[in-house]
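Shown next, in structure tokens, is the structure this report addresses.
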Amino acid sequence: FVCMAAAASSSPAASSDAAECSLLGGPFAICVQIGLAAAAIATLVVKRHTERPRRPWLVWFFDASKQAFAGFLQHCVNLVFGVAFAASGAASECAWYLTNFVISVVCGVLLLNLAMAGYNRCVDRFGLHLLRSGEYGKPPSWRPWLMQMLVWGFLASAEKVVTAVIV
């Protein structure tokens with residue numbers, strides 16, 4: 001409801017030009033960004049309550065925060081690409097964001113699976129236990145989590161760059 005009110009109060013120039021869409025301009029765009037963040041967090045919490053067996057809270061937090069971090073990075077890269085690609089005038093920021101998102105879902109997931117398979121082989125081959133995805137030690141430690149989160153964030157961002165080249 002708040003977002004609808006924000007959309008109604010946005011500038012008349014924006015509402016008269018239906019082809020123009022701004023990812024970051026105006027109160028409606030900000031509401032959409034907040035809604036996306038809330039939906040992502042809610043999805044992780046629902047997943048936590050439905051998984052069997054349930055991981056300890058700290059391990060769940062480590063895993064979920066890696067997903068959230070990478071998702072946030074990819075979202076930011078999509079925003080930047082949407083704005084940058086729209087400067088060419090071929091399509092709106094929102095159209096480019098959606099295009100990048102769809103390509104990421106279709107191609108990016110495959111690329112990330114392949115990258116993680118290679119990453120896991122390297123971790124196992126060279127005995128890099130600190131970097132073994134999802135393993136944080138007994139008791140769980142912040143150091144492996146941080147290292148894994150940085151690697152995962154790098155891989156997720158690299159995937160966005162590779163799929164942007166496709167666009």
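The values are calculated or read from the model by the stated rules, or taken from the named source; none is laboratory data. Computed from a predicted model, the values in this text were never measured in an experiment. Please note: Cβ atoms are built from the backbone with ideal geometry, for glycine as well, and neighbour counts cover all protein chains shown. These accessible areas exclude ligands, DNA and RNA; they are computed on the full protein's heavy atoms, side chains included. Shrake-Rupley method; radii C 1.70, N 1.55, O 1.52, S 1.80 Å.
Computed values, structure above
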| item | result |
| --- | --- |
| Exposed-loop-free span, longest in the chain, where chymotrypsin sites (Phe, Trp or Tyr not before Pro) count as exposed if DSSP calls them loop and at most 12 other C-beta atoms lie within 10 Å | 2-125 |
| Solvent-accessible area per residue, Å², over the chain with all protein chains present [probe radius 1.4 Å] | 62 Å² |
| Gap separating the Cα centres of the stretch 71-104 and the stretch 105-160, nearest whole Å | 25 Å |
| For the chain, the longest site-free run once GluC sites (Glu not before Pro) in DSSP loop states with at most 15 other Cβ atoms within 10 Å are removed | 52-167 |
| Three-way shape call for the stretch 73-167 based on the alpha-carbon gyration tensor, with the a/c threshold at 1.5 | prolate |
| Value of relative contact order over the chain, rounded to a whole percent, pairs C-alpha under 8 Å and six or more apart | 24 percent |
| Rounded percent of accessible protein surface that carbon and sulfur make up, the chain, 1.4 Å probe | 74 percent |
| Kirkwood estimate for the chain, i.e. one over the average of 1/r between Cα atoms, Å | 18.1 Å |
